[in-house]
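J.: First, the structure itself, so that you have it in front of you.
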Amino acid sequence: MSHSSSPDINAIRGLIDARGELSLRVVPGARVERAAIENGMLKIWTRTAAEDGRANRAVLLQIADLLDLPIRNIELLSGATSRQKRVSIRL
């Protein structure tokens, strides 16, 4: 994923709450993978289709990449079948 159009790492970290949780909105099947902060929430576009959890895995990888963390530090808490998701992040 290209970081040139991605939000600053500190801006993303600022969205993580005191419990280490982050709310986000996902757009699966996008033409280009990117991320932005919209309405106080991280929004991620992934090229992966929402089939058999593949988009969820791709989104977790994108978040790990954006925050420069190993994927094992990111866990999907809710929204497995929704565009609205909540993840736990161990910094």
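J.: For the chain, report the translational diffusion coefficient in µm²/s to the nearest whole number, using Stokes-Einstein at 25 °C, 0.890 mPa s, and a Kirkwood Rh over Cα pairs. Don't skip to the answer; put the middle values down first.
T.: Values: Rh = 12.8 Å.
So the translational diffusion coefficient is about 191 µm²/s.
J.: Just going by the charge dipole of region 1-79, with Lys and Arg at +1 and Asp and Glu at -1 on Cβ, which of ASN39, GLY53, LEU77 is farthest out on the positive end?
T.: Most positive-ward Cα: GLY53.
J.: For region 63-71, in order, what is each residue's ³J(HN,Hα) by Karplus, 6.51 cos²θ - 1.76 cosθ + 1.60 with θ = phi - 60°, in whole Hz (x at glycine and Pro)?
T.: 5, 4, 5, 4, 9, 6, 10, x, 4
J.: Compute the longest continuous run of the chain that contains no exposed trypsin sites (Lys or Arg not before Pro); treat a site as exposed when its DSSP state is not H, G, I, E or B and it has at most 16 other Cβ atoms within 10 Å. Walk me through the intermediate numbers first.
T.: Values: sites that count: ARG19, ARG31, ARG47, ARG83, ARG90.
Looking at the chain, 48-82 is the longest stretch - no exposed trypsin sites (Lys or Arg not before Pro) with at most 16 other Cβ atoms within 10 Å.
J.: Under 5 Å between amide hydrogens, which residues at least 5 positions from ALA50 or on another chain qualify, with H placed 1.01 Å from N in the peptide plane?
T.: Under 5 Å from the amide H of ALA50 lie the amide H atoms of GLY29, each far enough along the sequence or on another chain.
J.: With all protein chains present, how much of the accessible area of the chain (probe radius 1.4 Å) comes from carbon and sulfur, to the nearest whole percent? Please report the intermediate quantities before stating the final value.
T.: Details: 2390 of 5300 Å².
Reported share for carbon and sulfur atoms: 45 percent.
J.: Same structure again: In square nanometres, what is the average projected area of the Cα convex hull of region 16-55?
T.: Working: hull surface 12.9 nm².
The directionally averaged projection comes out at 3.2 nm².
J.: Can you work out ³J(HN,Hα) from phi for every residue in region 37-49, in order, using Karplus 6.51 cos²θ - 1.76 cosθ + 1.60 and θ = phi - 60°, giving whole Hz and x for Gly and Pro?
T.: Karplus-based 3J(HN,Hα) across region 37-49 equals 9, 10, 6, x, 9, 6, 10, 10, 9, 10, 6, 6, 6 Hz.
J.: Give the accessible surface of the chain per residue, rounded to a whole number of Å², with probe radius 1.4 Å and ligands, DNA and RNA excluded.
T.: 58 Å²
J.: Please report the projected area of region 38-78's Cα convex hull averaged over all directions, in nm². Mind showing how you got there, number by number?
T.: On the way: hull surface 13.7 nm².
The Cα convex hull of region 38-78, projected and averaged over all directions, gives 3.4 nm².
The values are calculated or read from the model by the stated rules, or taken from the named source; none is laboratory data. All values derive from a computational prediction rather than experimental measurement. Counting neighbours? That spans all protein chains shown, and the Cβs are built from the backbone with ideal geometry, glycine included. For the accessible areas, the whole protein counts, side chains as well, though only heavy atoms, and no ligand, DNA or RNA atoms are used. Shrake-Rupley method; radii C 1.70, N 1.55, O 1.52, S 1.80 Å.
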